[in-house]
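Trainee: Please find one structure pasted underneath; my questions will follow.
The values are calculated or read from the model by the stated rules, or taken from the named source; none is laboratory data. Since the model is a prediction, treat every value here as computed from it, not as a measurement. Cβ placement follows ideal geometry from the backbone for every residue including glycine, while neighbour counts extend to all protein chains displayed. These area figures cover heavy atoms from the full protein model, side chains too; ligands, DNA and RNA do not enter into them. Shrake-Rupley method; radii C 1.70, N 1.55, O 1.52, S 1.80 Å.
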Amino acid sequence: MKLNRLAAGLSLGLGLACAAYAQTTTLKIGYATTKESHYGVGSTVFCDEIEKGTQGRYKCQHFPNSALGGEREQIEAVQLGTQDLVNTSTGPVGNFVPEVKIVDIPFLFRDYDHARKVMDGPIGQDILAKFPSKGIIALAWTENGFRHMTNSKRDIVKPSDAAGLKMRTMENKVHMDGYRTFGILPTPMAFPELFGALQQGTVDGQENPIPVILSSKFAQVQKHLSLTGHVYSPALLLMSPRVWNKLSDADKKVFVEAARKGGAAQRKKVNDDENNGIAQLEKDGMKVIRTVDGAAFREALKPAYANYAKEFGADNIKKITDVQ
Ligand code: EAX
């Protein structure tokens with residue numbers, strides 16, 4: 001009798017332990033840069049929030065430093081369902097969801113406030129709604145930051161200084177078409193190959209936000225940094241529909257809210273890096289050009305803008321630039 005009770009107790013305990021175990025789903029989240037970088041900070045807040053909000057039923061395993069591949073590969077994996085989450089720049093996203101391309105236009109946004117207001121407002125939210133029909137769930141906008149040029153050859157103040165430089169770009173046609181008007185020779189390449197390409201001199205330069213230049217230690221392989229801020233680089237927390245479709249409505253709300261909080265934390269880290277990181281890069285040996293001739297770059301871009309207007313609609317571009 002006693003033994004029976006013990007056995008029953010044991011099996012009950014084991015059953016509960018199994019149930020608790022079975023209830024925890026670990027989601028794979030990937031991103032391009034380190035766990036300490038803006039992507040890592042945003043992803044960590046997101047993951048902490050889903051764990052709290054689902055009482056531990058969901059948690060994450062982080063794959064920083066492009067461990068799961070370049071951003072295009074990770075988005076494909078999310079679409080296929082072999083990866084659960086990716087915190088990615090919009091770089092390759094327009095190849096999956098064409099409606100995203102408009103926010104990749106150079107010199108579209110005046111500053112961070114403008115960009116964030118558009119992303120969080122009806123225009124940005126309408127873009128997020130385009131993802132499910134392409135087999136991807138867009139939980140929220142996060143952020144990569146305004147992009148600046150670095151190179152190993154010379155100071156860039158105006159477009160003629162950039163002319164002739166072989167620059168790695170993202171796999172993004174909107175960027176490449178714009179940068180050609182600066183005279184740059186754009187070379188599209190996945191991010192994981194970039195450090196080696198800079199080191200070996202396969203390309204002269206690249207362009208990325210301060211948090212990426214810092215966390216990827218580009219100061220080791222690039223001498224010149226020009227604060228061109230020539231394009232805003234939005235980012236997104238994307239999720240596989242395979243996981244999303246299993247969530248209850250309440251859990252879906254938890255995930256979306258968590259992604260928004262993650263995005264806010266990521267933006268704060270971008271701000272911090274913009275404020276403190278440039279001095280750090282100077283200490284690391286970079287020569288920083290703060291007096292970039294923005295007007296000359298905008299002027300150079302005019303022919304590309306005519307094409308953007310054709311492709312995206314001048315009205316749609318104006319709707320974005322009009323946001324105050
Ligand atoms: O998203 O590819 C790039 O240059 C991106 O800015 C980087 O991977 C972070």
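Trainee: Over every pair of different alpha-carbon atoms in segment 40-124, take the mean of 1/r and invert it; report that Kirkwood radius in Å.
Mentor: It works out to 15.0 Å.
Trainee: If you place +1 on the Cβ of every Lys and Arg and -1 on the Cβ of every Asp and Glu, how big does the dipole about the Cα centre of segment 254-324 come out, in debye to the nearest 20?
Mentor: Magnitude of the dipole: close to 120 debye.
Trainee: Could I ask something else about it? Given charges of +1 on the Cβ of Lys and Arg and -1 on the Cβ of Asp and Glu, with all other atoms neutral, how large is the dipole of segment 12-140 about its Cα centre, in debye to the nearest 20?
Mentor: Numbers: 12 positive and 14 negative charges, 36 e Å.
It works out to roughly 180 debye.
Trainee: Per residue, how much accessible area does the chain show when a 1.4 Å probe rolls over the protein heavy atoms, in square angstrom?
Mentor: So the chain comes to 45 Å² accessible per residue, rounded to a whole number.
Trainee: Now, a different point. Based on Cβ point charges of +1 for Lys and Arg and -1 for Asp and Glu, what charge dipole magnitude is obtained for the chain about its Cα centre, in debye rounded to the nearest 20?
Mentor: Values: 41 positive and 35 negative charges, 106 e Å.
It comes to approximately 520 debye.
Trainee: As I understand it, the dipole of the chain uses +1 on the Cβ of Lys and Arg and -1 on the Cβ of Asp and Glu, about the Cα centre. Which of Leu128, Val243, Gly196 lies farthest toward its positive end?
Mentor: Final value for the positive-end residue is Val243.
Trainee: Once whole DSSP H runs in the chain are found, which of them have Cα atoms spread over 30 Å or more along the helix axis and a mean Kyte-Doolittle score of at least 0.5?
Mentor: Values: long enough: 2-23 (31 Å, 0.79); 249-283 (49 Å, -1.17).
Membrane-span-like by this rule: 2-23.
Trainee: Just from its helices, what would the mean residue ellipticity at 222 nm be for the chain, if runs of 4 or more DSSP H residues each count -39500 (n - 2.57) and the sum is divided by every residue, rounded to the nearest 500 deg cm²/dmol?
Mentor: Counting only the DSSP helices, I get -14500 deg cm²/dmol.
Trainee: Another question about this same structure. Report relative contact order for the chain in percent, whole number only (criteria: Cα-Cα under 8 Å, sequence separation at least 6).
Mentor: Details: 584 pairs, mean separation 83.4, N = 324.
RCO, the chain: 26 percent.
Trainee: Separate question: Can you give the Rg to Rh ratio for segment 24-321, taking only C-alpha atoms and Rh from Kirkwood?
Mentor: Working: Rg = 18.6 Å, Rh = 19.3 Å.
Reported Rg/Rh, Kirkwood definition of Rh: 0.96.
Trainee: Between rounded, prolate and oblate, where does segment 151-271 land on the alpha carbon gyration tensor, with a ≥ b ≥ c its root eigenvalues, rounded for a/c under 1.5, else prolate if a/b exceeds b/c? Numbers along the way, then the final one.
Mentor: Working: a/c = 2.46, a/b = 2.29, b/c = 1.08.
Prolate, since a/c reaches 1.5 and a/b exceeds b/c.
Trainee: Follow-up. Please give the contour-minus-distance gain from Arg180 to Thr202: 0.36 nm per residue of separation, less the Cα-Cα distance, rounded to one decimal in nm.
Mentor: Gain on extension, Arg180 to Thr202, equals 6.1 nm.
Trainee: Which percent of the accessible area of segment 103-183 is formed by carbon and sulfur heavy atoms (probe 1.4 angstrom)?
Mentor: On segment 103-183, the fraction of accessible area on carbon and sulfur atoms equals 53 percent.
Trainee: I've got another one for you. How much net charge surrounds Asp84 when only other residues with a Cβ under 10 Å from its Cβ are counted (Lys, Arg +1; Asp, Glu -1)?
Mentor: Local charge sum for Asp84: +2.
Trainee: Additional query: Given N residues in segment 193-324, what is Rg(Cα) / (2.2 N^0.38 Å)?
Mentor: With N residues counted in segment 193-324, Rg over 2.2 N^0.38 Å equals 1.38.
Trainee: Just the number: Rg to Rh for segment 91-199, Cα atoms, Kirkwood Rh, two decimals.
Mentor: Using Cα coordinates only, the ratio equals 1.00.
Trainee: Would you mind computing, in nm to one decimal, how far apart the modelled labels at Ser133 and Trp244 are, each placed 7 Å from Cα along Cα→Cβ?
Mentor: Between Ser133 and Trp244, the label points sit 1.4 nm apart.
Trainee: A follow-up question, please. Using a Förster distance of 35 Å, how high is the FRET efficiency between Val288 and Lys173, based on the Cβ-Cβ distance and rounded to 0.05? Write out the running numbers ahead of the final one.
Mentor: Details: r = 30 Å, r/R0 = 0.85.
Between Val288 and Lys173 the formula returns 0.75.
Trainee: Report the label-to-label distance for Asp251 and Glu193 in nanometres (one decimal), using points 7 Å from each Cα along the Cα→Cβ vector.
Mentor: Those two pseudo-labels are separated by 3.8 nm.
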